[in-house]
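Have a look at the structure below, then the notes.
The values are calculated or read from the model by the stated rules, or taken from the named source; none is laboratory data. Only a predicted model underlies this, so the values are computations on that prediction, with no experimental measurement involved. Reconstructed Cβ throughout: ideal geometry from the backbone, glycine too, with neighbour counts over all protein chains shown.
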Amino acid sequence: MSDTAKKINYKIIKSKKYKRITLSIKRSQQIIVSAPKGISTKKIDEFVNKNRQWIITNTIRLEENLNTKKHTFLDGDSFLYLGSIFSLKIIKTDNKDLTKLENILKNIEINRIKKEIIITLSSEINETKYKDIVVEFYRRETRKVILTKFEEVPYFNKMKKVINSIKIQKSNGRWGSCSRINNINFSNRLVMLPQQCIEYVIYHEITHIKEKNHGIGFYLELEKVCPNYKKFELEIKQIEKSHNVTLA
Ligand SMILES: [Zn+2]
């Protein structure tokens with residue numbers, strides 16, 4: 001649906017105290033129109049339509065700000081997980097077992113319907129520790145997804161024998177790298193990307209076994225194994241632009 005065809009939904013608040021029609025967008029992206037009491041719905045609708053572009057621009061900007069701001073690692077923070085935005089839900093408990101990192105990590109629940117990462121922990125745990133928990137959670141999830149891909153995608157599995165080592169590393173910059181001696185590293189936050197983009201990153205790094213630099217030869221090889229690589233490169237760029245894809 002194009003922007004111009006999309007109906008803008010808004011909430012009207014009428015009051016005697018308002019002298020004119022005003023428009024505002026809440027953080028929740030709800031659009032609020034305040035208007036004087038006697039004004040007709042038609043007039044309000046006209047006003048909203050006249051300001052359609054402003055609403056669209058500002059809603060997009062708001063969304064970008066929400067998604068690119070630094071993580072707080074507190075309850076309500078949001079993180080990408082397999083390409084979707086999940087919110088972090090912290091549940092405090094008096095269960096002393098949940099003071100140990102290992103126990104907390106084992107107990108983390110990913111609710112794919114509600115899109116929540118639910119961390120239950122002892123109320124004794126200081127908020128400054130939440131970041132370490134989330135970072136370790138991402139490292140393990142990334143590890144899991146990579147191991148699964150290397151088992152399930154026949155090409156990756158076949159290439160395992162020419163890879164020297166596969167490691168997950170803390171990296172807020174690159175998604176992956178391949179060394180001269182074919183040690184492949186993946187960023188601990190790789191699981192933030194959609195499944196197909198994760199596969200693209202793996203294809204990319206494996207291609208470096210044959211072609212170390214990003215020359216024409218590299219892309220010819222990459223295209224043989226991942227014909228849609230351009231689409232995924234673009235998708236990753238767009239995700240990086242509109243979301244905080246770091247663990248910082
Ligand atoms: Zn590369």
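Below is a table of values for the structure above.
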quantity: Residue among Glu205, Glu199 that alone is away from the ligand (no atom under 14 Å from the Cβ) and in contact (Cβ under 8 Å) with a residue 12 or more places away in the chain; calculated: Glu199
quantity: Given (1) of a type outside the set (Phe, Trp, Tyr); (2) closer than 26 Å to Gln196 by Cα; (3) surrounded by 12 or more Cβ atoms within 10 Å (Cβ to Cβ), index of the condition Arg112 fails; calculated: (3)
quantity: Selection within segment 61-95 - of a type in the set (Gly, Ala, Ser) and on the phi < 0 side of the Ramachandran plot; calculated: Ser78, Ser84, Ser87
quantity: Whichever residue in segment 225-248 is within 16 Å of the ligand (Cβ to nearest atom) and charged (D, E, K, R) and, among such residues, is farthest from Asn188 (Cα to Cα); calculated: Lys230
quantity: Residues within segment 172-196 that are within 14 Å of the chain's Cα centre (by Cα) and within 11 Å of the ligand (Cβ to nearest atom), tallied; calculated: 1
quantity: One residue from Glu211, Glu221 being assigned by TED's automatic domain parsing to the domain that holds Leu147, over 30 Å from Glu136 (Cβ atoms) and in contact with a Ser or Thr (Cβ under 9 Å, 6 or more places away or on another chain); calculated: Glu221
quantity: Pairs where the first residue, in segment 66-88, is among the basic types (Lys, Arg) and the second is exposed (fewer than 15 other Cβ atoms within 10 Å of the Cβ) and in a loop (DSSP other than H, G, I, E, B), C-beta under 9 Å, 6+ apart; calculated: Lys70/Ala248
quantity: Selection count, segment 66-87, where residues are among the polar types (S, T, N, Q) and surrounded by 14 or more Cβ atoms within 10 Å (Cβ to Cβ); calculated: 4
quantity: Condition met for Glu141 (among the acidic types (Asp, Glu) and within 16 Å of the chain's Cα centre (by Cα)); calculated: yes
quantity: Near pairs, Cβ below 6 angstrom, 6+ apart or cross-chain, from segment 89-102 (over 25 Å from Ile113 (Cα atoms)) to any residue that is hydroxyl-bearing (Ser, Thr, Tyr) and assigned to a loop (DSSP other than H, G, I, E, B); calculated: none
quantity: Filter result for the condition that a residue is under 30 Å from Tyr203 (Cβ atoms) and in contact (Cβ under 8 Å) with a residue 40 or more places away in the chain, over Ile110, Ile166, Ile117, Ile146; calculated: Ile146
quantity: Pick from segment 1-52, criterion exposed (fewer than 10 other Cβ atoms within 10 Å of the Cβ) and closer than 22 Å to Glu64 by Cα, ranking: modelled with the lowest pLDDT; calculated: Met1
quantity: Test: residue in segment 127-140 that is closer than 24 Å to Glu233 by Cβ, at pLDDT 95 or above and not aliphatic (A, V, I, L, M); calculated: yes
